[in-house]
1. Go through the range 206-216 residue by residue and tally those that are crowded, with 18+ Cβ neighbours inside 10 Å and among the acidic types (Asp, Glu).
2. Based on what the data block shows, is Thr123 in the same structural domain as Gly76 (by TED's automatic domain parsing) and over 24 Å from Leu46 (Cα atoms)?
3. Give the residue that is surrounded by the fewest Cβ atoms within 10 Å (Cβ to Cβ), with candidates limited to residues of the range 38-65 that are under 16 Å from the mean Cα position of the chain (by Cα) and within 15 Å of Ile141 (Cα to Cα).
4. Would you pick out the residues in the range 233-285 that are of a type in the set (Val, Ile, Thr) and either at pLDDT below 95 or under 20 Å from the mean Cα position of the chain (by Cα) (or both)?
5. Given the conditions (1) assigned to a loop (DSSP other than H, G, I, E, B); (2) in contact with a Ser or Thr (Cβ under 6 Å, 6 or more places away or on another chain); (3) closer than 24 Å to Gly324 by Cβ, report the number of the one that Arg265 does not fulfil.
6. Only residues that are surrounded by 15 or more Cβ atoms within 10 Å (Cβ to Cβ) and assigned to a helix (DSSP H, G or I): list them for the range 192-205, please.
7. Give the range 270-326 a look and list any residue that's within 8 Å of ligand 1 (Cβ to nearest atom), of a type in the set (A, V, I, L, M, F, W, C) and either more than 17 Å from Ala226 (Cβ to Cβ) or out of contact with any helix residue (DSSP H, G or I) (no Cβ under 6 Å at 6 or more places or on another chain) (or both), or say none.
8. I'd like to verify a number: residues in the range 150-182 that are free of Cβ contacts under 8 Å to residues at least 60 places away in the same chain and either within 18 Å of Asn45 (Cβ to Cβ) or of a type in the set (Asp, Glu) (or both), how many?
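The values are calculated or read from the model by the stated rules, or taken from the named source; none is laboratory data. Keep in mind that what you see is a predicted model, and the values were worked out from it rather than measured. Virtual Cβ from ideal backbone geometry, glycine too; neighbours counted across all protein chains shown.
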Amino acid sequence: MTGDITHAEVAARLRSERQMVIMAHENPDGDALGCVVALALMAQNLGIPHCIYLPGRAPLPAEYTFLPGLDRALRGPMPKMEATTTAYVLDCATANRLDVEGLRCAGACINIDHHHDNTRFGTLNLLDFEAASATQILFDIFMSGNLPIDARIATALYVGLTTDTGRFQYSNTTPAAHRMAARLQEMGADVAAVAHEIYESMALSKVLLIRRALERMQLHLDGGLAVSWLTAEDFAEAGADESQTEGVIDSLRMIKGVRVAALLRERLNGARGEYKGSLRSTDGSIDVSAVAHQRGGGGHLQAAGFTAAGPLEDLLEWLVREVGTRL
Ligand code: 5GP
Ligand code: MN
């Protein structure tokens, strides 16, 4: 059975949960991690036994590890769940990259997300496509149920909001997003400290990765498409791991005239010769999630991704062709 659930209903459920597993998608970003930490802290404050589960084994992006509790996150295979356990899946558009059989063991699976292509895989779904971040949906849940947001929870919610809005710069930066930021600041979120942790503490290895991506960059389609790629050797030379690629694509996207930016990076923990593609549309005139869908991926209109087998040359050629027909 699947159905919709309201913010107030989720808040009411939270007060009576017996056990929770709190999870997000593979390669979690600031929103996914902000979500799991905020909900885990809320569970802790409510005295509910819980754990955080993050699929995959790659290290978590270092810029978010200041958030409390991530060091205790379970990795690898999904933990076994019982009928008394509720799985909370956050900021995750499809269950494809989660262990679907494992999820079925839970008493209920609550899918809380803001991606427009969410497959409604939960037994209960709370989808808000207007929400700037999934942490905004959590914020609305907590507010609707008068669940107290302490300074640590406010900080985690703010991390999701600031990263998914590109520091309050993307078109999803609504008045509601600014109002939420103001409320979180009043509740104790230290915005300068968050900015310092996320944006001003970059590992040298990540800077070297960005340098390599810029060196490699190609402009196609009269400068409308910027593409670059990173191989396993590039990661080794930079001393970087996969988690350090978040944000690399921003350096390609910011160039004047670029309407689509694309980065292909070899998966280090996947099959050899498999690439993770990231796509960004600068002005929204092209739905990059439609491009990602062609390779089994998805995402938002202006930010999407996929995983595909190489060779790299074929993927690059396909990208230029696919984007070219849409520009
Ligand atoms: P990124 O390029 O930062 O990895 O991802 C950008 C957006 O696309 C995120 O919203 C992310 O959830 C989505 N995305 C990335 N990779 C995939 C994928 O393989 N499948 C789907 N469905 N969405 C993806
Ligand atoms: Mn998100």
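1. Here the count works out to 0.
2. Details: in the same structural domain as Gly76 (by TED's automatic domain parsing): yes; over 24 Å from Leu46 (Cα atoms): no.
Answer is no for this residue.
3. Leu39
4. Residues satisfying the conditions are Thr245, Val248, Ile249, Val260, Thr282.
5. (1)
6. Val194, Glu197, Ile198, Ser205
7. Ala292, Ala303, Phe306
8. Total meeting the criteria: 2.
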